[in-house]
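Reading through the structure tokens given below for one structure.
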């Protein structure tokens, strides 16, 4: 099993996000919902969920088989849809590339709670940083 987590930015590591699965055009992230990531109703805060969607849409286009290479991108546009409230303390986020050009890629992500209930989705337009296109 690969340890891809060293390729994550400091913000992702700070939030305890784990890359569970990663391949070309696809990523699965996992995160624990800690009390400090909750709103006043003690459920996952929308900002936390938004960050997870941003991470998954970005990482879905950044896979590289070379363990010494880190590809980079930035988010140009991010659209979010909140569908339900999370149950439990663990979230799973599935990100997939839906299209790409030389510098730009399009992706989507879905966030599921412990009961595998869809709680949010999003779509992003991302741009590869120079040198990360291939």
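Evaluate the relative contact order of the chain (contact order divided by residue number), counting alpha-carbon pairs under 8 angstrom at least 6 apart; express in whole percent. Mind dumping the intermediate values first?
Details: 286 pairs, mean separation 32.9, N = 134.
Reported relative contact order: 25 percent.
What order do you get for 107-117, 59-69 when each peptide is scored by the mean count of other beta carbon atoms within 10 Å, highest first? Show your work: numbers first, answer last.
Numbers: 107-117: 18.2, 59-69: 16.2.
Output ranking for 107-117, 59-69: 107-117, 59-69.
How large is log10 of I(q)/I(0) for the chain at q = 0.10, 0.17, 0.20 Å⁻¹ when the intensity is taken from the Debye formula with one equal scatterer per alpha-carbon?
Log10 I(q)/I(0), no solvent term: -0.30, -0.84, -1.13.
Read-outs throughout are calculated quantities, based only on the coordinates presented, and are distinct from any laboratory measurement. It should be emphasised that the depicted structure is a prediction, and the values quoted were computed from it without experimental measurement. Ideal geometry is used to build each Cβ from the backbone, glycine not excepted, and the neighbour counts take in all protein chains shown.
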